[in-house]
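See below for the structure under consideration.
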């Protein structure tokens, strides 16, 4: 899941960009968590580095996009910034704050979707980590960022991934140890969840990609603590 902030002072444009993100999800299956802000002051208030991508309007009334980007960069060196602007000459200045790119208004969906694809690929390069999983006839190289969760099945485990599910010999505890430095946590004794794929938690269930899983009472506190720590302390 990619966490996105849209910072735009025109409500119609904010709604348009939000609609484009939803359209991209329908088209490509990528999931997003989106927050919208009406100006730079609003996103900077209590800013925490929890976003993967910020779509930032340049011309805003209270605090313009360039100044907002400079202040964000002082707090967050990793977040990707794409400027939304009426004038290309302003956007070119964005490279001084490490902007990924810019899109000119009026924003066409195709140009916008290209920026989301670019951001998605950048994130994959940053976070790519592989497991060598034994399968019949050899090993399978599995990108851990594409795992939804792993289920214990006795002396085997089942991987639920963006490409489908498959079983392999092994123990969940051994995988948990291998993934100790990655964002994985148990929501119950039988499931090891990729926290980057969590979309929502409601009482005793967690939505992980397209799957709804049970959160057990013994694991609830540690699971929520791990999730809160992963997303930067803001909760869901």
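Points to keep in mind about this one:
- Three-way shape label, the chain, alpha-carbon gyration tensor, a/c 1.5: prolate
- Per-residue ellipticity at 222 nm from helix content only, as computed over the chain with -39500 (n - 2.57) for each DSSP H run of at least four residues, stands at -10000 deg cm²/dmol.
- Angle in degrees between helix 11-28 and the longest Cα principal axis of the chain, rounded to the nearest 10: 30
- Pairwise centroid distance, computed over Cα atoms, of the stretch 43-63 with the stretch 106-157, Å: 27
- Degrees between helix 217-230 axis and first principal axis of the chain (Cα, 0 to 90, nearest 10): 30
- Ordering of 66-72, 102-108 by burial proxy (mean other Cβ atoms within 10 Å per residue, highest first): 66-72, 102-108
- The stretch 107-226 - Rg over Rh from alpha carbon coordinates, Kirkwood radius: 1.02
- Its residues counted as N, the stretch 98-148 yields a C-alpha radius of gyration over 2.2 N^0.38 Å of 1.71.
- Cα pair count fraction exceeding 23 Å, expressed as % - the stretch 1-114: 20
- 0 to 90° range, to nearest 10: angle between helix 65-75 axis and the chain longest Cα axis: 40
Quick note: the coordinates plus some simple rules give every number you see, no bench work behind them. Nothing here was measured: the structure is a model prediction, and the numbers come from that model. Using ideal geometry, Cβ is built from the backbone for each residue, glycine included, and neighbour counts are taken over all protein chains shown.
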